[in-house]
Structures are given as structure tokens and as C-alpha cells.
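The values are calculated or read from the model by the stated rules, or taken from the named source; none is laboratory data. Not measured: the values here are computed from a predicted model. So basically every Cβ, Gly included, is an ideal-geometry build from the backbone, and we count neighbours across all protein chains shown. Accessible surface is based on the protein model in full, side chains and every heavy atom, while ligands, DNA and RNA are left aside. Shrake-Rupley method; radii C 1.70, N 1.55, O 1.52, S 1.80 Å.
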Amino acid sequence: MEQPLAGKVALITGGGSGVGFAVARLCAAEGMAVGLLGRTAERLAAAAETIAQVGGRTLPLVADVRDWPAVQAAVERLVERFGRLDLLVNNAGVSGRATVDETSIERWQETVATNLIGAFHCAKAALPHLRAAGGGWIIGIASGAAKRGYAGLSAYAASKAGLVLFNESLALEVEADRIKVSTIILGTVLTDFGTRTREQKLASRAAGERFLEPEDVAHAVRYLLTQEPRAWTQELNLWPGPAGPSPTR
Ligand SMILES: NC(=O)c1ccc[n+]([C@@H]2O[C@H](COP(=O)([O-])OP(=O)(O)OC[C@H]3O[C@@H](n4cnc5c(N)ncnc54)[C@H](OP(=O)(O)O)[C@@H]3O)[C@@H](O)[C@H]2O)c1
């Protein structure tokens, strides 16, 4: 089968777990080389190993997206190793539930610094390389909390709403460079993210609550990467739906 993305290079932040890992695995399966960026070396090494076992090319990059010099160094390492950069997925994120009264200054700042400023750091470091490659993609992973407020999620909602408008602004700045900037807004995914573990979410699913799987997000990323050059998806809203028809039957 034709692999239009083969030979391209991706950087996935938060690539060691959950949604980021699913995106990284799919990119590697499409023939892309993949940099997996996160703070936890063991988690990144395990993810890289899993992808390598099925023939994928990966590079674990230990860095904190809040740390601008560390992000710059990680992007340089990736480009040194694989020669180019075509895709950045700004997926790294933290959450946590606390009211404004309860939350510490540090926790609120950490959420915005990771989810919003971290995405800015990664985009700024990636842009020269995307331009050098003749164009590319920047995809931000946001949340339904970017669109409406939730009690106890003020930092998370503000950071993700900021990411949406950061991406909208950046898209206009770089469209002439053939760089497409898109945001995927997600409903709840079956990962350990947030205040419930994957196990707890599975129990809720058994009781009727709907969830996305990380692979659903990876498929949405592939859709964005394989659109015709003339088409641009600014924002994609991905919700867990009622059971629909199977694509394979
Ligand atoms: N799961 C959901 O229900 C849901 C819903 C809507 C949106 N999302 C979004 O989806 C994205 C991925 O979440 P997930 O569900 O896959 O959860 P996850 O498994 O907890 O993934 C978050 C990833 O971000 C990395 N990370 C966190 N802080 C970082 C930092 N400062 N620097 C570098 N990496 C950092 C983590 O790795 P380290 O801790 O090792 O650094 C981890 O790999 C997040 O942006 C989240 O907001 C999730």
C-alpha cells in the first residue's frame, strides 16, 4: 500500500503514554521517524522500544516542555538524528481538579506553563525546521474544556482555550510557508489522564458512559496529515459517539 508519509519526521510531545503514544505508533506505522518527548526517561524508553519492535524508527527525548532551552535542544537532537522535521504534535498536558480558592499559585501556573506555554515553546523551536522541510503540520491536542468552563478546571480550561487561539493565530502567520496548524478538540479518552484512571473509566464505560480510545485521536491525526494540500482543517471536534456502523463490515 502507498505510504504518503513515509520518510517524514514527527515530534510528539507526551509521546510516552496515552494519546501521544497512540499517535506516535500510528506515525511510525506510516513510515515516519518519531521523536517522543516527555519528562520520564523510563516511560519514553519503553514506548520507543515497543515501536521499534514492530520496525518503527524512534528517538526518546527527555525534556520538559516548560523549559525553553531543553525544548530547543530536543528539537535539534531530533533533526540531527533524522535530518528534518515535518510534524509537531503538541500533546503534552496536565490537568487536575481544584477550585480557584483551593488551588495553589504554583499548580495553576504549572498547568498553563505546560499546556499553553509549552506548546508555544515547541512550535517556536520547530518552525525553522518545518520551513526548511518545505512545509509541515503543527497539531494541538485540546479538550472540550477549551469550549466551556467546568467548576474545578479553571486552569485547564483556560490553558486549552488559549491553545485554540494560539493555534488559530499561528496558522495565519505560517500558512504562506505551507505549514498547516490544526487543533483537535477531544472528549474524554480512556487513559489515566485527569482525575480518573483508565481502570476507573473502564468501569464507567461498563455503566454506560462513552469514551474515546487513544487510537481514535491517532486516526484523526492521520486524517489531517493526508488531506489534500489545498484543504485545511482548522479545528476538529472529536467526541465519543453512540455506536455507529463499522468501517470494516
Ligand atoms: N484523556 C482525556 O480524557 C483527554 C481529554 C481531552 C484532552 N486530552 C488531552 O490529551 C493530551 C494527552 O493526554 P492523555 O490522555 O494521553 O494523558 P497522559 O497519558 O497523562 O499524557 C500526558 C503526557 O504529557 C506528558 N507531559 C506532561 N507534562 C509534561 C511536561 N511538562 N513536559 C513534557 N511532557 C509532559 C506526560 O509525560 P511525563 O509525565 O513523563 O512528562 C504524558 O506522556 C493532553 O494534552 C490532554 O489535555 C485528554
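Check ASP86, ASP64 and return the single one that is charged (D, E, K, R), surrounded by 22 or more Cβ atoms within 10 Å (Cβ to Cβ) and under 15 Å from the mean Cα position of the chain (by Cα). None of the others qualify; the one that does is ASP86.
The rows are residues; the columns are (1) outside any loop (DSSP other than H, G, I, E, B); (2) more than 16 Å from the ligand (Cβ to nearest atom); (3) surrounded by 19 or more Cβ atoms within 10 Å (Cβ to Cβ).
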site: GLU2; (1), (2), (3): no, yes, no
site: GLY20; (1), (2), (3): yes, no, yes
site: ALA47; (1), (2), (3): yes, no, yes
site: PRO60; (1), (2), (3): yes, no, yes
site: GLU76; (1), (2), (3): yes, yes, no
site: VAL79; (1), (2), (3): yes, yes, yes
site: GLY96; (1), (2), (3): no, no, no
site: ASP101; (1), (2), (3): no, yes, no
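Evaluating ILE139 against the criteria (1) closer than 19 Å to GLY194 by Cβ; (2) open to solvent by less than 10 Å² (accessible area, probe 1.4 Å); (3) in contact with a strand residue (DSSP E or B) (Cβ under 7 Å, 6 or more places away or on another chain) leaves one unmet condition, (1).
THR195 falls short on exactly one of the conditions (1) within 25 Å of THR114 (Cβ to Cβ); (2) hydroxyl-bearing (Ser, Thr, Tyr); (3) open to solvent by less than 50 Å² (accessible area, probe 1.4 Å); (4) assigned to a loop (DSSP other than H, G, I, E, B), and that condition is (3). Exactly one residue among LEU165, LEU130, LEU170 is without any contact (Cβ under 8 Å) to a residue 24 or more places away in the chain, part of a helix (DSSP H, G or I) and not polar (S, T, N, Q), and that residue is LEU165. Of all residues in the range 34-61, those that are closer than 20 Å to LYS8 by Cα have Cβ atoms under 6 Å from Cβ atoms of residues that are within 14 Å of the ligand (Cβ to nearest atom) and open to solvent by 60 Å² or more (accessible area, probe 1.4 Å), 6 or more apart or on another chain, in ILE51/ARG25.
Based on this model, can you work out whether ASP216 counts as within 12 Å of the ligand (Cβ to nearest atom), touching a residue at least 12 places away in the same chain (Cβ under 8 Å) and either farther than 21 Å from LEU11 by Cα or in a loop (DSSP other than H, G, I, E, B) (or both)? In short, no. Evaluating LEU88 against the criteria (1) assigned to a helix (DSSP H, G or I); (2) more than 10 Å from the ligand (Cβ to nearest atom); (3) hydrophobic (A, V, I, L, M, F, W, C) leaves one unmet condition, (1). Among the residues of this structure, PHE120 counts as one that is open to solvent by 20 Å² or more (accessible area, probe 1.4 Å) and either among the acidic types (Asp, Glu) or more than 21 Å from ARG222 (Cβ to Cβ) (or both). In the set LEU170, LEU127, LEU116, only one residue is at pLDDT 95 or above, of a type outside the set (Gly, Ala, Ser) and under 22 Å from PRO214 (Cα atoms); that residue is LEU116.
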